[in-house]
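Below you'll find the structure, written out as structure tokens, and then a few comments.
The values are calculated or read from the model by the stated rules, or taken from the named source; none is laboratory data. These numbers were taken from a predicted model, which means no experiment stands behind them. Note that each Cβ is placed from the backbone with ideal geometry, even for glycine, and that neighbours are counted across all protein chains shown. Side chains included, ligands, DNA and RNA excluded: accessible areas come from the protein's heavy atoms. Shrake-Rupley method; radii C 1.70, N 1.55, O 1.52, S 1.80 Å.
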Amino acid sequence: MERGFEMAGGGQGGEDPGGERRGELAAVQAFFGRHAEAYRQSPGHRAGADLFALVAALDPQPHQRLLDVATAAGHTGLTFAPQVAEVFGLDVTPAMAEAFAREAEARGVRNARFVTGDVHALPFPAGSFDLVTCRRAAHHFGDVAAAVAEMARVLRPGGRLGLVDMTPPADPQAADLFNDLERIRDASHVEALTPGRWAAIVERAGLELERLEVLVEPQPLERWLYPVAPEPGVLAQLEDRWQRNEAAVRERVVTQGPGGWVYIKRRVLLVAQKP
């Protein structure tokens, strides 16, 4: 740890979150606390195509320090770890610390540590990191703009943010369907943002957008639901919801394939630099 620093209060002064935010945090912690090991074992989280695209887009270097926010079991940060000097994996769910440690040990990673914290108030001084990553998590954030502002704050000048998250179709009705299905599957889902909203948020945070693209991955319904087994009645709730839309809207999100229903998963990949 050549460029050590003291852990510090975030840009929001470490203030106690309000009642609504505490409720959101509790929902996230409860869901991911129950399923920590399932996410550690998830093939898609461990090695999805979006992960390798993110690594290639950021082109990590041996001297760099990286922060992976909402790290969960650490798959993103630990994939970068052999290519950088140091990795911090931050997550709001304390139960993820054990899964992160097991995964780091299994991969033989020695330059990564887990930190419990909230992305809306990162416990690091300004300019602490060369790279900040966030993958498959921002749809859980109560205030995405505040979270991105915090990620920008802890980047050094010239540092880069790399983010991947689910994104809905452009059509507003299809976007509503997309978000509703995600909430039925996972009650801690807040909202998936369109590429246009992502671009605006990144620019308001003072970052310069380098890359913004959408990756499309149709997948069988069972794979979309993985790694968490659905609660009783969830499949019926999902079908009831998508049947409320006309076929032209529904087919932008879920289609009937030869082997059953297919969910059209979309993910935005963005890279932005701090001037």
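Can you say whether Arg153 is in a helix (DSSP H, G or I) and not small (Gly, Ala, Ser), as far as the supplied structure shows?
Working: in a helix (DSSP H, G or I): yes; not small (Gly, Ala, Ser): yes.
For Arg153, the condition - in a helix (DSSP H, G or I) and not small (Gly, Ala, Ser) - is met.
Can you spot a residue in segment 245-260 that is β-branched (Val, Ile, Thr) and within 30 Å of Gly158 (Cβ to Cβ)?
Initially, segment 245-260 is screened for residues β-branched (Val, Ile, Thr), giving 249, 253-255.
Add one more test, that the residue is within 30 Å of Gly158 (Cβ to Cβ), and what stays is none.
No, because not a single residue in segment 245-260 is β-branched (Val, Ile, Thr) and within 30 Å of Gly158 (Cβ to Cβ).
Mind checking whether some residue in segment 98-107 is charged (D, E, K, R), open to solvent by less than 30 Å² (accessible area, probe 1.4 Å) and out of contact with any His (no Cβ under 6 Å at 6 or more places or on another chain)?
Initially, segment 98-107 is screened for residues charged (D, E, K, R), giving 98, 102-103, 105, 107.
The next check asks that each one be open to solvent by less than 30 Å² (accessible area, probe 1.4 Å); those that pass are 103.
Now narrow it down to the ones that are out of contact with any His (no Cβ under 6 Å at 6 or more places or on another chain): 103.
Within segment 98-107, one or more residues are charged (D, E, K, R), open to solvent by less than 30 Å² (accessible area, probe 1.4 Å) and out of contact with any His (no Cβ under 6 Å at 6 or more places or on another chain).
Can Glu246 be described as open to solvent by 90 Å² or more (accessible area, probe 1.4 Å) and at pLDDT 90 or above? Give the steps one after another, and end with the answer.
Numbers: open to solvent by 90 Å² or more (accessible area, probe 1.4 Å): yes; at pLDDT 90 or above: yes.
Yes, satisfied.
If you take just the strands (runs of 3 or more DSSP E) that sit entirely in segment 167-275, which of them hold at least 3 residues that are among the acidic types (Asp, Glu) and closer than 21 Å to Thr76 by Cα?
Values: elements: 208-220, 254-257, 260-273.
Those strands (runs of 3 or more DSSP E) span 208-220.
Results for (1) open to solvent by 10 Å² or more (accessible area, probe 1.4 Å); (2) out of contact with any Cys (no Cβ under 6 Å at 6 or more places or on another chain); (3) among the aliphatic types (A, V, I, L, M); (4) under 26 Å from Val154 (Cα atoms), shown as yes or no for each residue.
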{"residue": "Ala175", "(1), (2), (3), (4)": "yes, yes, yes, no"}
{"residue": "Phe178", "(1), (2), (3), (4)": "no, yes, no, no"}
{"residue": "Glu182", "(1), (2), (3), (4)": "no, yes, no, no"}
{"residue": "Asp186", "(1), (2), (3), (4)": "no, yes, no, no"}
{"residue": "Ala192", "(1), (2), (3), (4)": "no, yes, yes, yes"}
{"residue": "Pro195", "(1), (2), (3), (4)": "yes, yes, no, yes"}
{"residue": "Glu208", "(1), (2), (3), (4)": "yes, yes, no, yes"}
{"residue": "Glu217", "(1), (2), (3), (4)": "yes, yes, no, no"}
